[in-house]
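The structure appears right after this line, and notes come after that.
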Amino acid sequence: MSDNTDSMKSKGTTEFEQFCTTTSAHGLHYLATSSRTTKFTWLIIIILAFVFGIFHLYFLVSEYLKYDYHESILVNSVETPVFPDVTICDSTGISDSSLER
């Protein structure tokens, strides 16, 4: 049982390291390739960045939802619609053979 748990842990660790080294997210490669102190520092920086991002998103959405909106619809109906006196015709015309069918 212990060997299975260790192999799963090492597999997860290698997948995490592979993800950290191949991702384009800034700073994650330090979590896989640096010393323990640097890993801890970058982990704190990344966590703080996510917390700040979530806080900022919450603040922006709450400010957006704070404003009231007013919607007014004005409908003007006309008794009889006015159509333009323009006719668009095909430039090729109609042949006599198509009319005889």
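The values are calculated or read from the model by the stated rules, or taken from the named source; none is laboratory data. Small disclaimer: the values here were computed from a predicted structure and weren't measured. When we count neighbours, we look across all protein chains shown, and the Cβ atoms used for this are built from the backbone with ideal geometry, even at glycine.
Exactly one of these conditions fails for LEU43: (1) closer than 19 Å to GLU17 by Cβ; (2) over 28 Å from the mean Cα position of the chain (by Cα); (3) not small (Gly, Ala, Ser). Give me its number.
All conditions pass for LEU43, except number (2).
Which condition number in (1) surrounded by 10 or more Cβ atoms within 10 Å (Cβ to Cβ); (2) under 30 Å from PHE19 (Cβ atoms) is the one that PHE59 fails?
Unmet condition: (2).
Mind listing whichever residues of region 22-42 are of a type in the set (S, T, N, Q) and surrounded by 13 or more Cβ atoms within 10 Å (Cβ to Cβ)? Steps first, please.
The initial filter retains those residues of region 22-42 that are of a type in the set (S, T, N, Q), namely 22-24, 33-35, 37-38, 41.
Matches in region 22-42: SER34, THR41.
Could you tell me whether ILE88 is surrounded by fewer than 10 Cβ atoms within 10 Å (Cβ to Cβ) and either at pLDDT below 85 or of a type outside the set (A, V, I, L, M, F, W, C) (or both)? Before you say what the answer is, go through the steps one by one.
Values: surrounded by fewer than 10 Cβ atoms within 10 Å (Cβ to Cβ): yes; either at pLDDT below 85 or of a type outside the set (A, V, I, L, M, F, W, C) (or both): yes.
Yes, satisfied.
Does ILE73 count as of a type in the set (Val, Ile, Thr) and surrounded by 10 or more Cβ atoms within 10 Å (Cβ to Cβ)? Talk me through it step by step, then tell me what you get.
Details: of a type in the set (Val, Ile, Thr): yes; surrounded by 10 or more Cβ atoms within 10 Å (Cβ to Cβ): no.
So ILE73 does not fit the description; no.
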